[in-house]
Amino acid sequence: MHQDEFLQQYHKRSNVESTFHIIKAKFGEYLYSKTQQSQFNEALCKILCHNIVVLIHGMFELGIDVNVSKIRQLTG
């Protein structure tokens, strides 16, 4: 009935599922930390590493200029 709305939401979900698959394929499916806080931090580290890999890919293979000093100014 509301196919446009459905497809928009489905596309967001498929992007998230694809990202999770890539992270698991590169860095492993399991979290090896024991406590919940440590597992959370380990998952964040995997996500951070994935984002760094994506930036490096964009810089060297796609020719995207990443201004690191501008990022430093924005993050403090």
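Derivation of every value follows stated rules applied to the coordinates shown; laboratory data play no part. This is a predicted model, so every value here is computed, not measured. Backbone-built Cβ (ideal geometry, glycine too); neighbour counts: all protein chains shown.
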*asked:* Just checking, does the stretch 41-52 include any residue being of a type in the set (Lys, Arg), surrounded by 11 or more Cβ atoms within 10 Å (Cβ to Cβ) and either in contact with a helix residue (DSSP H, G or I) (Cβ under 8 Å, 6 or more places away or on another chain) or not in a helix (DSSP H, G or I) (or both)?
replied: yes
*Among the listed residues Lys34, Lys70, Lys26, which satisfies the condition of being in contact (Cβ under 8 Å) with a residue 12 or more places away in the chain and either loosely packed, with under 10 Cβ neighbours inside 10 Å or touching a helix residue (DSSP H, G or I) at 6+ places or on another chain (Cβ under 8 Å) (or both)?*
Lys26
